[in-house]
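The values are calculated or read from the model by the stated rules, or taken from the named source; none is laboratory data. Just so we're clear, the structure is a prediction, and the values are computed from it rather than from any experiment. Don't worry about glycine lacking a Cβ; one is built from the backbone with ideal geometry, like all the others, and counts go over all protein chains shown.
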Amino acid sequence: MASNKQDGQSAGARSNDDIGVSTRLDLYRLQVEIRDCEKRAYDLFLQNLIKGTSHLSLGQEAVAAGFGVAMEKGDKSFCTYRGHAHTLARGAPMEGVLGELMLRDNGLMRGKGGSMHLTSVEHGVMGSYAIIGAHLCIACGSAWRAQYLGDKDVTVCFFGDGTTNIGAFHEALNFAVIWKLPVIFVCENNLYMEYTPIGDVTAVEHPAADRAAAYGLPRILIDGNDADVVYRTAEAAIAKARDGGGPSLIECLTYRHSGHSRADPAKYRPPGELETWLERDPIKIYKQRLAEFGITQEQIDAIDAESMRKVEEATAACKAAPQAPLDLLTADVYADGGWAWRN
Amino acid sequence: MAELSYRDAVIRAISQEMERDNNVVFLGEDVAKAGGVFKATVGLYETFGPKRVRDTPISEQAILGAAMGAAMTGLRPIAELMFSDFAAVCFDFIANEMPKLAYMTNGQLTCPVVIRTGNGAGVRFGAQHSQSIENWTMMIPGLKVVAPSSPVDVIGLMAAAVRDNDPVIFHEHKALYATKGEVPDGEIIDRLGTAKVLRSGKDCTILALALMVPRALEAAEALARDHGIDAEVIDVRSLVPLDTQTILGSVAKTGRLFTVEENPRLLGWGAEIASIAADEAFWDLDGPIVRITTPHIPLPAADHLEDLALPNAPRIVDKIVRVMNG
């Protein structure tokens with residue numbers, strides 16, 4: 001079950017009480033926009049307007065939002081195929097995200113990448129990677145570049161619990177520590193490696209946090225459904241990385257409300273589990289939080305309405321958008337823009 | 001002009017590029033303080049320092065991943081994969097990650113990485129440290145593939161690879177490290193995608209790569225001397241991009257085409273070239289295209305068996321004579 005405890009060198013040293021209204025509103029707004037956009041993606045599937053596969057972050061919005069707010073412009077994100085949320089959280093436009101899911105010309109990559117590879121370099125989203133583990137190593141390279149050039153940006157790499165059992169995870173962790181790289185590894189433990197409970201296939205209870213000691217890193221295990229907790233933890237890890245303190249590994253406990261992908265009805269979940277986690281829905285938690293801090297229902301309603309307006313506007317734009325012209329088929333195979341492998 | 005070994009040419013090539021561009025960095029296992037297991041990077045650490053020349057753990061995925069992440073955000077890394085056989089433990093980066101980056105991101109990102117790797121047989125290391133994997137890498141869209149045969153080409157093609165904006169796998173041949181050749185003074189820069197006619201001839205065209213180049217040249221001399229066959233020898237040098245103009249131009253002149261390949265037979269690089277020649281130069285051909293390759297077997301460690309497996313000058317001569325006179 002979700003836990004708010006942090007062991008070892010606590011990343012959340014500052015109280016959550018002084019996060020401030022404006023930051024809280026940002027955290028809420030991002031979570032709602034991600035939720036609304038993901039729900040819309042699900043609806044568009046049912047209308048057969050989204051082809052291929054797609055992996056939704058419904059229920060996991062607080063992680064992307066907490067980091068999205070804590071990161072600065074210029075910081076780099078590396079995401080997985082479940083990366084819509086993290087892409088939106090960096091400010092990438094909904095139209096570009098939904099357009100890519102719908103494989104239209106207005107998509108972030110004009111339909112060439114698809115839902116599993118969302119990339120928006122201008123927003124610091126350096127790609128979404130669909131072969132488990134690789135992007136942890138690639139994120140090390142981005143952080144190495146920052147260290148080498150003296151750039152002050154940090155690199156944040158998001159991945160799921162299943163990633164902790166592939167070799168690249170362990171190579172990247174060791175590498176980041178020995179080179180003291182400004183990179184933050186964020187494990188979203190949603191309890192399932194695709195269709196299999198992560199506990200059934202992992203030697204330790206907490207797949208990321210319990211491995212931290214093997215790399216000399218503090219054990220950081222947080223409630224990934226509480227955006228304040230995520231935000232504070234992110235802020236601390238980012239500050240540490242930016243100051244030359246090296247990498248962090250953070251395990252965020254969360255839960256996906258839907259299946260692994262569009263093909264998965266998630267019938268493997270024990271009865272009552274989803275309902276228990278819906279009680280801990282990050283947006284529900286955050287609405288209560290906002291109320292506790294005196295934010296009015298009118299303010300919340302305004303954010304909700306604006307989010308839906310953005311979703312409707314993006315949906316309409318995507319439905320009206322054409323698919324890319326056919327010459328895109330052979331564009332950008334090589335850096336010169338072409339595909340010539342012979343003369 | 002000075003005589004330089006293939007091994008020292010690697011050092012000079014990397015030095016030339018690191019001196020020219022501060023964004024060129026170099027990483028790999030034992031490459032820095034130890035100077036490389038093949039001693040092909042000796043002195044780089046001392047010259048360019050620990051920030052630019054870095055030892056890594058035995059983590060091929062992290063090596064190539066780090067090179068890629070650095071490349072897509074502004075650096076121009078050279079990554080060493082000690083033995084090309086190790087490509088199999090990090091093939092995700094070679095096949096899935098680096099070469100598809102520009103395409104999948106619609107050109108938002110590029111991946112200017114050079115992967116240097118010790119390829120090929122001849123040093124009795126057995127089946128997992130001797131393979132010729134150039135054909136594994138030739139089949140991947142988005143990746144460029146180079147395999148130099150001489151010291152001067154090592155420098156010129158390495159410079160071209162480092163300055164190229166695409167991922168390039170640079171196959172150095174282990175059995176060539178000790179070989180020597182004349183190298184001009186000063187900066188050397190060549191072009192990827194260019195084959196080189198090393199011996200002009202009128203009777204047949206022999207295509208070769210890396211270690212097979214000196215063997216093809218030796219065979220050509222014997223063919224001329226003992227059999228009156230005047231062979232043209234072309235060092236393909238770059239499999240991707242492929243210089244089909246030079247190759248097909250030679251076929252148009254000679255009417256016969258042979259390939260000499262170290263890779264095992266099935267889907268070796270010569271198969272693709274034979275297919276291109278059959279499609280586009282069929283009416284220039286006076287006989288069948290013949291591929292001379294390593295048989296389709298893993299490589300043995302025993303010296304006499306390894307020697308038997310790889311194409312050598314007598315075998316090339318024998319095959320060509322039988323086909324030409326058949």
If I go through segment B:76-93 residue by residue, how many of them are surrounded by fewer than 24 Cβ atoms within 10 Å (Cβ to Cβ), more than 7 Å from every other protein chain (Cβ to nearest Cβ) and either under 30 Å from A:LEU108 (Cβ atoms) or of a type in the set (Gly, Ala, Ser) (or both)?
4
Based on what the data block shows, is B:GLU306 in contact with a Pro (Cβ under 8 Å, 6 or more places away or on another chain), in a helix (DSSP H, G or I), crowded, with 19+ Cβ neighbours inside 10 Å and in the same structural domain as B:ILE234 (by TED's automatic domain parsing)?
yes
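Can we say B:ALA13 is more than 14 Å from every other protein chain (Cβ to nearest Cβ), of a type outside the set (S, T, N, Q) and under 14 Å from B:VAL114 (Cα atoms)?
It is true that B:ALA13 is more than 14 Å from every other protein chain (Cβ to nearest Cβ), of a type outside the set (S, T, N, Q) and under 14 Å from B:VAL114 (Cα atoms).
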Matching residues in segment A:249-268 - criterion: being in a loop (DSSP other than H, G, I, E, B) and under 17 Å from A:ALA208 (Cβ atoms)
A:THR254, A:TYR255, A:ARG256
Find the residue count for segment B:267-283, including only residues that are without any contact (Cβ under 8 Å) to a residue 60 or more places away in the chain and either out of contact with any strand residue (DSSP E or B) (no Cβ under 9 Å at 6 or more places or on another chain) or not in a helix (DSSP H, G or I) (or both).
7
Looking only at segment A:122-170, and only at residues there that are among the charged types (D, E, K, R) and crowded, with 24+ Cβ neighbours inside 10 Å, the one that is farthest from the other protein chains (Cβ to nearest Cβ)
A:ASP161
Test for B:ALA13: is it part of a helix (DSSP H, G or I), of a type outside the set (D, E, K, R) and more than 14 Å from A:TYR148 (Cα to Cα)
yes
Can you tell me which of (1) surrounded by fewer than 20 Cβ atoms within 10 Å (Cβ to Cβ); (2) free of Cβ contacts under 8 Å to residues at least 24 places away in the same chain; (3) facing chain B (nearest Cβ under 8 Å) is the one A:ASP210 doesn't meet?
(3)
When you check B:ALA62 against the structure, is it in a helix (DSSP H, G or I), in contact (Cβ under 8 Å) with a residue 40 or more places away in the chain and buried (at least 20 other Cβ atoms within 10 Å of the Cβ), yes or no?
no
Considering residues of segment B:95-120 that are closer than 25 Å to B:LEU211 by Cβ and touching a helix residue (DSSP H, G or I) at 6+ places or on another chain (Cβ under 6 Å) only, the residue farthest from the other protein chains (Cβ to nearest Cβ)
B:GLY120
So A:ALA335 clears everything in (1) within 14 Å of chain B (Cβ to nearest Cβ); (2) surrounded by 15 or more Cβ atoms within 10 Å (Cβ to Cβ); (3) assigned to a helix (DSSP H, G or I) except one condition, right? Which one?
(3)
State all residues of segment B:158-182 that are within 14 Å of chain A (Cβ to nearest Cβ), more than 24 Å from B:ASP85 (Cα to Cα) and touching a helix residue (DSSP H, G or I) at 6+ places or on another chain (Cβ under 8 Å); if no residue qualifies, say none.
B:ARG163
Does segment A:171-198 hold any residues that are more than 10 Å from chain B (Cβ to nearest Cβ), outside any helix (DSSP H, G or I) and within 24 Å of A:ALA236 (Cβ to Cβ), and which are they?
A:LYS180, A:PRO182, A:ILE184, A:PHE185, A:VAL186, A:CYS187, A:GLU188, A:ASN189, A:ASN190
Whether any residue in segment B:66-75 is outside any helix (DSSP H, G or I), more than 7 Å from chain A (Cβ to nearest Cβ) and either surrounded by 24 or more Cβ atoms within 10 Å (Cβ to Cβ) or touching a Leu at 6+ places or on another chain (Cβ under 8 Å) (or both) is what I want to check.
no
Answer residue from segment B:43-58, given it is of a type in the set (A, V, I, L, M) and away from chain A (no Cβ under 11 Å) and is surrounded by the fewest Cβ atoms within 10 Å (Cβ to Cβ) among those
B:LEU44
Of the conditions (1) basic (Lys, Arg); (2) within 18 Å of A:ALA64 (Cβ to Cβ); (3) within 9 Å of another protein chain (Cβ to nearest Cβ), A:LYS112 satisfies every one except a single condition; which number is it?
(2)
Only one of A:TYR255, A:TYR195 that is buried (at least 24 other Cβ atoms within 10 Å of the Cβ) and over 23 Å from A:ASP17 (Cβ atoms)
A:TYR255
Test A:ARG29 against the stated conditions and say whether it is within 22 Å of A:ILE238 (Cα to Cα) and part of a helix (DSSP H, G or I).
yes
Considering every residue within segment A:8-20, establish whether at least one is at negative phi, modelled with pLDDT of 95 or more and outside any loop (DSSP other than H, G, I, E, B).
no
With the condition kept exactly as written, say whether any residue in segment A:81-100 is touching a Phe, Trp or Tyr at 6+ places or on another chain (Cβ under 7 Å), modelled with pLDDT of 95 or more and facing another protein chain (nearest Cβ under 10 Å).
no
Got at least one residue in segment A:309-328 being within 12 Å of another protein chain (Cβ to nearest Cβ), within 24 Å of A:PRO93 (Cα to Cα) and either of a type in the set (Asp, Glu) or in a helix (DSSP H, G or I) (or both)?
yes
Is it the case that A:ASN48 is surrounded by fewer than 24 Cβ atoms within 10 Å (Cβ to Cβ), at negative phi and part of a loop (DSSP other than H, G, I, E, B)?
no
